[in-house]
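Peer 1: Quick one: structure below, then a few questions.
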Amino acid sequence: MSSQYSQSWARGFSPLFSGPHSDQNLRVSDAERQAVTDRLAEHFGDGRLDQAEFDERVGRAVNAKTRADLGGLFDDLPETGAPATPERPRYRRRHPVLVLVLFFVLALTLGHAVFWAAVPLLWVGLLVAAVLFATRAVGRTRAGHDR
């Protein structure tokens, strides 16, 4: 029973309060008291403790002589740094139909833009080809008449 009790209040302090020397009758050090008060301050800062609860628990921690004196300080609190309720992992679902529709709309948009950019260029190209053809044809006929 003693080891279960020591494990319940020492959650999150496994490097400090575990192992073969985690007996409840061992005296606590200033560093252990400070670690407990720091963790209580985190819970107070997160709004899990009101001022009266915080003051009472810090008073118990500061005046603790043995590890048994620190018992119960964290029984109703979650692990420090962990949310009170675990978050479910979020999975992104890919929608292949949506991706295909997006690709189709993008292809139509780009095709439309290319078409309207290419049509004037096609007309300009046809006009240039006609002018070149006419000037070569006119140039050949004049050269043939001049001889």
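Peer 1: Given the Cα-Cα distance of V101 and V62 and 0.36 nm per residue of separation, how much length would full extension add, in nm?
Peer 2: 7.5 nm
Peer 1: Quick check: pseudo-label points 7 Å beyond the Cα along Cα→Cβ at F133 and L110, how many nm apart are they?
Peer 2: 3.3 nm
We did not get these values from a lab; they are worked out from the coordinates using the rules stated. Because the structure is a prediction, the values reported are computed rather than measured. Note that we place each Cβ from the backbone using ideal geometry, even for glycine, and neighbour counts take in every protein chain shown.
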